[in-house]
Amino acid sequence: MNRRYHLAVWIVIASEALLFAGLFALYWSYRGEYPAAFSSGVALDIHWIGGLNTFILLTSSFTIAWSIHMMRTLRPRAALWSLAATVVLGLAFLALKLFEWSIHIHDGIVPGIHYYSGPAAGRGISLFFTLYYMMTGLHALHVVAGLSLVVWVLVRVRRGTIFPERYVALELVALYWHFVDVVWVFLWPMFYLMR
Amino acid sequence: MTARSLVFTYILLVVLAAASWLLADVGGGTAVALLIAALKTLAIALVFMELWIGHASDRVIAVVALFFVVLLCAGALADVVTR
Amino acid sequence: MPASFWSEPRGLRSWLLTHDHKRIGVMYLFTVLFFLLLGGMFALVLRLSLVTPENALVSAHTYDKLFTQHGIVMVWLFMIPSIPSAFGNILLPLMIGARDVAFPRLNLASYYIFLVGGIVVCVALIAGGVDTGWTFYTPYSTSSAAATNWAVIGVFITGISSILTGLNFIATVHTMRLKGMRWRDMPLFVWNLYSTSIILVLATPVLGLVLLLVGADHIWALGIFEPAAGGDPVLFQHLFWFYSHPAVYIMILPAMGVVAEVVSTFSHRRPAWYGAIVLASLGIALVGFLTWGHHMFVAGMSTFDSGVFGALSMLVAIFSAIKVFAWVSTMYGGSITLATPLLYVFTFIFLFVFGGMSGVAVATTSLDVHWHDTYFVVAHFHFIMVGGTMTGFLAALHYWFPKLSGRMYSETWAKLACAAVSIGFILTFTPQFLLGNAGMPRRYATYPAQYQWLHVLSTSGACLLALGMFTVAAYLLYAIVRGPHVDNPWRSASFEWRSASPPPSENFVDVPVLKDAYDYEDVP
Amino acid sequence: MNELLRRALMLPPQASTFARGIDTLHYIVIGAAMVVCFIVFVLLLYFAIRFREGQPRPKRGIPHSVEIGLAGFTLTVFIVWWVVGFAQYRDMREPPADAMRVYTVAKQWMWAFVYPNGAAAEDDLRVPVGQPVELVMTSRDVIHSFYVPAFRVKQDVVPGRTTNVWFTANQPGRFEILCAEYCGAGHSRMRGAVIAMPPGEYAAWLAGHRATDLASTGEKLAAEQGCFRCHTVDGTPHLGPSWRGLYGSTIPLEGGGSVVADDAYLTESMMNPPAKLHRGYPPLMPTYLGRLSGPEAAAIVEYIRSLRGGP
């Protein structure tokens, strides 16, 4: 009976992947058109934040997987703590992301045609940052959605409506959270590493 | 999934991420970064998302979705670079 | 009238909040018929205004809005949901012996999301109208009137509905089949819906994204596709056609499913080459994604990409050819009854074969250069996509009308109307092939005078087509009220006819016994 | 045969070197489409009669080998068409090295051509017969498409980049240019013509249109910028006032007052049109600030000055 829910979430993930695919295609095509501008754009991003955020999301993926493991081994209390850790990590990710955006905006790096390129940058750099804001922004929206679901599951575990005999909701939310992580696994090199 | 495989996967992910970070500093290039990202995705999908032990149709969905993501990027990029 | 899903449970509220797939399907049916009427009205005004070269009827700007809205309404509010959401919803669970779809509440949500999307599109029409063409090509769309944003948002919302419907169908097929029904036991209509759902789920998000980008470009001047900011309008086209080419198969695959069922039922024979039809359906769904670039041979795409996409387009054509062979050979050795649904299928096959061959013609790169963006292309896609969907839809409507209503319509009137629709349709679009050959570009409000007589011919066909459609509406409405009661007038062996006509709310009163859907040996 | 089929299919004259080859493939492909369609439909009708209810039924269906064979044959034919078509397409995409280059600017809703010697023309493109001509095209606003049915060539004209198209006219005559990509309310009026001339005649025409002095540079610029869409040079008012006799005249202003049309006023009207509007004309003119450099604006003013005299 639970099979259909797993299937549905996988289909949602496939659908979401194609949503991001459109932006990925734009990124790679524009990178093909303006390689130098994209390299200099990557150099302008704040690398320690990107790296730290990657570490945070990978860890949060582990903690939510761990909470399923705890549930299966009949330790709902430990599962609860593991979920709480996931929430904290997710919030930390968002906080860092907001901090990074605020630095960028302070430096005059804004999306769209109002982007002030400064003396050095060439054609295409505004596209890089428009895509940067769109892709990290869309991803952050998914983090918010995923985090809300994690909180919902957390509340239900605490109330005891998700328990070791019935925890399909936890599995589904975890699946979605891992997907959000996977998207970031690709965004990270595209915006912070490929100089 | 066993506790051991979860922990092992997590350590692998962190190591891969660190490798990606370090290689970027020495100019590792686009291909290396993408390859490492693909490896990380594979680890997350197989272990954390339980494709390894999961239903065959889930695996099919994942592969098909990935194929179409790559297809869209490749089709558009191929146009730009061969114009 | 015995208790059926129409009357049980009673009350408007029970309809509006229903989880019953049949009721949701019926609500879809009436909604898409309304949009068909709306889109058809736009088409009729377009055709009438093209009777004279200088367009005496409407101004150029009004003309632009008319063809845009005709396209938007017909594509997203009629053709995409027509067969899958209406007939798919009604029949999919019946055909696999299920009580309902996998997620009934989600199904209702899809309907209301679709309705909201449709209303938002209508808001765009009222708020001044959209003149971008249904393709929303940038940078024209990002600099056009504000109503464009409404249209973009409306289509985006209907996209969400499409995705949810696709998800629901896939989950239903995977998990709700009658115990013992294997994949290879499924009726072909179900296979076609399944293939369609794959496209709905995987292609629609890309459309949603690209429409949001157009809206964002429009509102905040992000410049993603804006040449002044280094953006590339051709990339918009890549993303747009990545959805919109497979979208053609969203429209035609369910119609192919209808054709497979109708041919089998009226030939009183098992479909020939079942496995090939299944593989061709899945093949079309997947290979259909590989051909989007054939819309862009003269758009400024690279020669390399043109070659690759041209070759892949030939591949998808062969799957369609296989299906045609299979349908024709199903009729060979059958025991054929020439009832109205089968007549519509004949028209379908005619339109599909010529439309398909003209598709191969426009996929041939050098020929496309002359034909691209001319009336030839208009005629081609109206033959195959519109003609295919419309005749498939009408065949489905006539084939399953007794199933849904438990009553029968007048075969005489139905055949007359079928002749009017078929001849009208062919008369409308055949001259347009010639117009395209002669070099008449599409989306022209006014045109050089030498093209006039072909336009007059085309318009007269459109009038005949409209007459036929209104006749269909008239005798079907009459039959709902006064038609004689029937149960399985076609003596179909297919699974959905094993429940009563019209079916009760729970579809099958007893748990149905698994049976071959195409076993005509024991049906007299 | 060629002429018969061409007329039956209502194709335009074959006025470029591409046309004949493409049309031949066209006849084959469309002919095949008609034949296949006919066969399938006749088969349907035959089966519907032969196998109608109550008629004896054959023991066996059509063997699978027939269907596999048919599918294989069809695919082979399709691939052959692709090979031939793509070879032609590549030819059309690769201009020869000795092609005469004409710079082409499309904008709503006109075509502007600039010849190698600096001569400019609007909507009418004059080319010598037998000479390969390559158009290097860009758009100022939205996407347009350069389409000459008689040449069987078409190429979208995209803002922000250049696209190319080439052809060799094989006979003298006037061949319509149509815009094939929807570009707004004037789309169907965005027509021009390729005028193919014998080489000698063409050379004589070109010599007469050499861009030499500032005024003719101005004329060329005005054509490129699309000024003539709204301003005539023969004294008839159009969407904007005619340039004939405009320079030095006294102009009534919208909202009262008047001004003498001197260099300063004409320049201001290009850069900031709404500032002082000529009474009786709609405020349609876009600003050319940033689109015309100082010398270019001066050249246009010079050209308007050259039109001082009566018609």
* Structure fact -> Answer in debye to the nearest 20: the dipole magnitude of the stretch D:214-305 about its Cα centre, from +1 Lys/Arg and -1 Asp/Glu charges placed on Cβ, is 180
* Structure fact -> Here the Cα Rg-to-2.2 N^0.38 Å ratio for the stretch A:140-195 is 1.43
* To do: Compute from the Cα atoms of the stretch C:287-354 the Rg and the Dmax, the latter being the longest Cα-Cα distance, and quote both in angstrom.
  => 17.1, 53
* chain C: angle of helix C:340-363 to the longest principal axis, Cα-based, in degrees nearest 10 -> 30
* Just need log10 I(q)/I(0) for the stretch D:2-93 at q = 0.14, 0.18, 0.23 Å⁻¹, Debye formula, equal scatterers on the alpha-carbon atoms, no solvent, rounded to two decimals. => -0.73, -0.95, -1.23
* Asked: Which whole-angstrom value gives the distance between the alpha carbon centres of the stretch C:315-360 and the stretch D:255-294?
  -> 64
* Express as a percent, rounded to the nearest 5, the fraction of DSSP beta bridges in the protein assembly as shown (both residues included) that run antiparallel. => 70
* Asked: After finding the eigenvalues of the alpha carbon gyration tensor for the stretch D:106-208, what semi-axes result from the square roots of 5 times each, listed largest first in whole Å?
  -> 23, 14, 12
* Quarter of the Cα convex hull surface for chain D, i.e. its orientation-mean projected area (nm²) -> 24.4
* Between the stretch C:1-36 and the stretch C:410-461, the Cα center-to-center distance that results, in Å -> 36
* How high is the relative contact order of chain D, given as a whole-number percent (alpha carbon pairs under 8 Å, six or more residues apart)? -> 14
* Write down the radius of gyration of the stretch D:57-123 and its Dmax, each obtained from C-alpha positions, in Å. => 25.4, 79
* Structure fact -> Per the stretch C:55-194, sqrt(5λ) over the Cα gyration tensor eigenvalues, sorted largest first, in Å, gives 38, 14, 11
* Structure fact -> Relative contact order in percent for chain C (Cα pairs under 8 Å, 6+ apart) equals 17
* **Å³ per residue enclosed by the Cα convex hull of chain C** => 139
* To one decimal place, what orientation-averaged projected area in nm² is obtained for the convex hull of the Cα set of the stretch A:8-149? -> 9.7
* Structure fact -> For chain D, longest principal axis from Cα atoms; helix D:294-305 axis from its Cα atoms; angle between them, nearest 10 degrees, is 80
* Cα axis of helix C:233-267 to longest principal axis of chain C: angle in degrees, 0 to 90, nearest 10? -> 30
* Theoretical ellipticity at 222 nm over chain C - DSSP helices of four or more residues, -39500 (n - 2.57) apiece, nearest 500 -> -22000 deg cm²/dmol
* Asked: In deg cm²/dmol, rounded to 500, what helix-only [θ] at 222 nm does chain A give when every DSSP H run of at least 4 residues adds -39500 (n - 2.57) and the total is split over its residues?
  -> -28000 deg cm²/dmol
* Where nothing but the Cβ of Lys and Arg (+1) and of Asp and Glu (-1) is charged, how large is the charge dipole of the protein assembly as shown around its Cα centre, in debye to the nearest 20? -> 2700
* **Cross-link reach list, lysines versus D:Lys154, counting only Cα pairs under 23 Å and skipping chain neighbours closer than eight places** => D:Lys107
* Asked: Where in the stretch B:43-66 does the amide nitrogen come within less than 15 Å of the point 7 Å from the Cα of B:Ala19, taken along Cα to Cβ?
  -> B:43-44
* **Per-selection Rg to Rh, the stretch A:67-195 - Cα, Kirkwood hydrodynamic radius** => 1.13
* To do: Take the Cβ-Cβ distance between C:Val511 and D:Arg50 as r, set R0 to 60 Å, and report the resulting FRET efficiency rounded to the nearest 0.05.
  => 0.90
* Structure fact -> Counting only backbone N atoms under 13 Å from a point 7 Å out along Cα-to-Cβ of B:Leu12, the residues of the stretch B:49-73 in range are B:49-53
* Structure fact -> In debye to the nearest 20, the charge dipole size for chain C, taken about the Cα centre with +1 at each Lys and Arg Cβ and -1 at each Asp and Glu Cβ, equals 980
* Exposure proxy check: A:Trp48, B:Trp21 ranked by fewest other beta carbons within 10 Å? -> A:Trp48, B:Trp21
* In the stretch C:31-116, trypsin sites (Lys or Arg not before Pro) in a DSSP loop with at most 16 other beta-carbon atoms within 10 Å -> C:Arg99
* Above 21 angstrom, tally the Cα pairs of chain B and express them as a % of all pairs, no decimals. => 47
* What lysines sit close enough to A:Lys97 to cross-link, taking a C-alpha to C-alpha distance under 23 Å and skipping anything fewer than 8 places away on the same chain? -> B:Lys40
* **Relative contact order %, the stretch A:48-193, counting alpha carbon pairs below 8 Å whose residues are six or more apart** => 30
* **chain D: antiparallel DSSP beta bridges as a percent of all, rounded to 5** => 70
* Please give every one of the aspartates and glutamates within straight-line cross-link reach of C:Lys323, meaning a C-alpha to C-alpha distance under 12 Å, and leave out same-chain neighbours fewer than 8 residues apart. => D:Glu67
* With viscosity set to 1.567 mPa s and temperature to 4 °C, compute the Stokes-Einstein D of the stretch C:120-215, Rh being the Kirkwood radius across alpha carbon pairs; µm²/s, no decimals. => 85
* Taking only the alpha-carbon positions of the stretch D:184-277 and ignoring solvent, what does the Debye formula give for the base-10 log of I(q)/I(0) at q = 0.11, 0.14, 0.20, 0.26 Å⁻¹? -> -0.48, -0.72, -1.16, -1.46
* Structure fact -> With R₀ set to 35 angstrom, the calculated FRET efficiency between the beta-carbons of A:Arg3 and B:Ala31, to the nearest 0.05, is 0.35
* Asked: Per the helix-only calculation at 222 nm, which mean residue ellipticity applies to chain D, given -39500 (n - 2.57) for every DSSP H run of n ≥ 4 and division by its residues, nearest 500 deg cm²/dmol?
  -> -12000 deg cm²/dmol
* Structure fact -> The whole-number value in µm²/s of the Stokes-Einstein translational diffusion coefficient for the protein assembly as shown, with Rh from the Kirkwood sum over alpha carbon pairs at 25 °C and 0.890 mPa s, is 77
* Asked: Which distance in Å, rounded to a whole number, links the C-alpha centroids of the stretch D:150-192 and the stretch A:134-165?
  -> 55
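Each reported figure results from applying straightforward, stated rules to the coordinates on display, with no laboratory input. Bear in mind that the values here come from a model prediction, so they are computed numbers and not experimental data. Every residue, glycine as well, gets a Cβ built from its backbone with ideal geometry; the counts of neighbours run over all protein chains shown.
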